[in-house]
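For reference, the structure discussed in these notes is given below.
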Amino acid sequence: MSLPKKGEQFLNGKNDLFAVVIALRYLLSDKWYRDFKKEFIALIQKYLKGYDSISEEELLERMGFPSNWKSITRYRKK
């Protein structure tokens, strides 16, 4: 998945919400995962419209998501 690392340690996806998204990518069928991801993005956008005190980048960072999370979760190992 090409997750960012510091040395040998992954920076994201260990003990955060992004870890759940990674697990879902491996557990759900491609269609179900695409549907989940689409709805998740819509929820983030809906939240951000209601609160101007946080940027999308900051919100995602606080949830443990790397900046390139959308492209990372596009693929899964078979």
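No lab work stands behind these numbers, since they all come straight from the coordinates. Keep in mind the model is a prediction, meaning the values are calculated, not measured. All Cβ positions, glycine included, derive from the backbone under ideal geometry; neighbour counts span all protein chains shown.
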Would you be so kind as to identify which of Ser53, Leu27, Ile72 lies farthest towards the positive end of the dipole of the stretch 10-72, taking Lys and Arg as +1 and Asp and Glu as -1 on Cβ and the Cα centre as origin? Leu27
Applied in sequence order to the stretch 36-51, the curve 6.51 cos²θ - 1.76 cosθ + 1.60 (Karplus, θ = phi - 60°) yields integer Hz couplings, x standing for Gly and Pro, of 4, 4, 4, 5, 5, 4, 4, 5, 4, 4, 4, 4, 5, 5, x, 9
Take the Cα gyration tensor of the stretch 10-72, multiply each eigenvalue by 5, square-root it, and list the three semi-axes largest first, rounded to whole angstrom. 20, 16, 8
Looking only at aspartates and glutamates whose Cα falls under 19 Å of Lys46's and that sit 8 or more positions away or on another chain, we get Asp35, Glu56, Glu57, Glu58, Glu61
